[in-house]
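Take a look at the structure set out below.
Laboratory data are not the source of any read-out in this text; all were calculated from the coordinates shown. Being a predicted model, the structure only gives us computed values, none of them experimental. A quick note on method: Cβ atoms are made from the backbone with ideal geometry, for glycine too, and the neighbour counts reach across all protein chains shown.
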Amino acid sequence: MSETYTKLDIITRPDKFEELKNALVDIGVEGMSVSNVMGSGTQKGMTTKYRGTDYTAQLLPKIKVEVVIATTPVQDVVDKVYEVCRTGNIGDGKIFVYPVENIYRIRTGESGAAAITNKE
């Protein structure tokens, strides 16, 4: 197998999801998995009032978008995420990039790029 595949985990603000999803589809990302997650990083939570008392939420709601790409250049995806999700404020999120050894479509047994492209 000489092809290379890459997985990107994009963790960002929930209110950016629809715009991000549409932007990724526009540049050729054909599939994604999405999860609601909680997390903290530099932002370290936030303090709000609850029933008149200060309350510090240590973990903040985020959205995690997982994509595996075979033909779309990784830098194109990263640039698009920056364009859509960057506000310049703490809490914009992170992008994690991983190599993927192979991909298999369970239904058909296809592997490699054919397993993540929509031919139907």
Subtract the Cα-Cα distance of residue 59 and residue 18 from 0.36 nm times their separation in residues, and report this length gain in nm to one decimal.
-> 12.5 nm
Compute the acute angle (0 to 90°) between the alpha-carbon long axis of helix 17-26 and the principal axis of greatest extent of the alpha-carbon atoms of the chain; round to the nearest 10°.
-> 20
So what is the calculated 222 nm ellipticity per residue for the chain, using -39500 (n - 2.57) for each DSSP H run with n of 4 or more, over all residues, to the nearest 500 deg cm²/dmol?
-> -5500 deg cm²/dmol
Long-range amide H partners of residue 116, meaning residues 5 or more apart or on another chain whose placed amide H is closer than 5 Å, are none
In the set (1) 34, 34, 27; (2) 59, 28, 25; (3) 58, 46, 23, which value of Cα extents along the principal axes in Å was calculated from the structure you see?
-> (2)
Spin-label point model (7 Å from Cα, Cβ direction): what's the residue 37 to residue 118 distance in nm?
-> 2.4
Computed ³J(HN,Hα) along region 32-38: with the Karplus parameters 6.51/-1.76/1.60, θ = phi - 60°, integer Hz and x for glycine or proline, the list is 7, 10, 10, 9, 7, 10, 10
